[in-house]
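Structure first, commentary second.
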């Protein structure tokens, strides 16, 4: 079989002692573009496996000498384990089922249906390819990744270092940043880097819980404490005891609850709703906000003493527009993920699409970028994401500066005739003008005109305009 730096086609190892069937299956596989090593025994198959690992091993269960089950055991010990397809006679189906339990991927019975055989082989190859893509994606994510956050630029490396330092402290942390920057990921990283990593991490969105239920959600309640409280409920502080409690959208917390939270931060005690006694908890608070808490203090919507208690350790998460070094890296990682999830052959971005992403301000930050890439991969039918696959708000910034004076002159000359042009004639003239403005690039012209390229090509064909090539 031999080692190869790059596989040009799928590698198949066929183990069959029946020479007629062996040649028939080899021909079928090679006709499908696969490279096949065909041998008549498990011993010869093992020699081939010492030279390299194929994508699929196809083996008869009954072989002279070592049988297919023993070969399966050897294959399972390979570092890069290939898929394993068993061929068996009717009388050995029970053994084939046993082989499935021991790691075989599929079995077929003799006499073989060649169409079914090829479908099975292709299915195993596709499954193996997808698994490889998932593994490659995981490896990519692990590179330049810090607890799920991706960034190799200086801004993010500084923040990662701050997280490590804050994790060693004991006090509450205030995480500030715009919506979509990944504040919860920061909170989880602080927890994971701290001595509390083995305990619970609990998260709550203060804006997502009705005000009347917040106290019960935070501190728990006793059975019968209020209408509908049929049994006792353990609150978030008790659930996070020994660990970390992440309070997202801190600026939305009601003033009454802010006072009780301040007491927990100062004394470490809580009282469930309806309880007669207090008890202590050991919880580290990490709070996050995308609002200016100092402005909320001035408007009377946030307690000043709670703010100063929280802001002892403040960490600012940078917006995406400040992470120019990471834009391409993030986009590539998201593309890898969604290409695997959506089973697409998308491999990258055109220079125009990447330039479009880099120029866009991303008010929604990393979350907006992630959503944009998911949309782009969904609508992309080729190997590269182009501008037309991105959301229209991103395409709009790519619109060229049209020479409106030139357009006015062109239209004035066109209209200055004895017969008024038809609507179709005006449309064709405008399309021609736009194409001239973008240097004949039909892809950009279609984006500017807000039509598909197919529609643009059809309009040009109707006009018979072959003067400008995209």
Rounded to the nearest 0.05, what FRET efficiency do residue 393 and residue 102 have when you use their Cβ-Cβ distance and R0 = 60 Å?
-> 0.65
Extension gain (nm, one decimal) between residue 232 and residue 94, 0.36 nm per residue minus Cα-Cα | 44.3 nm
Which translational diffusion coefficient, to the nearest whole µm²/s, is obtained for segment 11-141 from the Stokes-Einstein equation, given a Kirkwood hydrodynamic radius over C-alpha pairs, 10 °C and 1.306 mPa s?
-> 107
Log10 I(q)/I(0) at q = 0.28 Å⁻¹ for segment 33-99, from Debye over equal alpha-carbon scatterers, is -1.42
Is it possible to state the helix-based mean residue ellipticity at 222 nm for the chain, with each DSSP H run of 4+ residues giving -39500 (n - 2.57), the sum divided by total residues, to the nearest 500 deg cm²/dmol? What is it?
-> -14500 deg cm²/dmol
Express as a percent, rounded to the nearest 5, the fraction of DSSP beta bridges in segment 151-318 (both residues included) that run antiparallel.
-> 15
Can you list, bin by bin at 10 Å, the percent of alpha carbon pairs in segment 323-396, starting at 0?
-> 21, 62, 17
How long, wide and thick is segment 184-290, going by the Cα atoms along their three principal axes, in whole angstroms, largest first?
-> 40, 28, 24
Pop a pseudo-label 7 angstrom from the Cα along the beta-carbon direction at both residue 381 and residue 145 and give the gap in nm to one decimal.
-> 3.3
Cβ-Cβ FRET estimate between residue 455 and residue 358, R0 fixed at 30 Å, reported to 0.05 = 0.60
With the Cα gyration tensor of segment 62-125 giving a ≥ b ≥ c as the square roots of its eigenvalues, does the rule (a/c under 1.5 for rounded; else a/b larger than b/c for prolate; else oblate) give rounded, prolate or oblate?
-> oblate
Relative contact order (%) - criterion: Cα under 8 Å, at least six apart; region: segment 144-250 = 26
Could you state, as a whole-number percent, how many of the C-alpha pairs of the chain are farther apart than 32 Å?
-> 64
At 0.36 nm per residue, minus the direct Cα-Cα distance, what do residue 112 and residue 328 gain on full extension? Give it in nm, one decimal, please.
-> 72.8 nm
By the mean-Cβ-within-10 Å protection proxy, highest first, 222-235, 190-203 rank as 190-203, 222-235
The chain: relative contact order in percent, alpha carbon pairs under 8 Å with at least 6 residues between | 11
Residue exposure sequence - 147, 221 - by fewest surrounding Cβ within 10 Å = 147, 221
Given 0.36 nm per residue, what is the gain on full extension from residue 266 to residue 165 after removing their alpha carbon distance, in nm?
-> 34.1 nm
State the antiparallel share, in %, of DSSP beta bridges confined to the chain, rounding to the nearest 5.
-> 10
Taking a crude spin-label model, label points 7 Å out from Cα along the C-beta direction, the residue 78 to residue 341 distance in nm is 3.2
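Read-outs: derived from the displayed coordinates by stated rules, not from any lab. What you see is a predicted model, and the numbers here were worked out from it, not measured in a lab. Glycine gets a Cβ as well: all are built from the backbone with ideal geometry, and neighbour counts include every protein chain shown.
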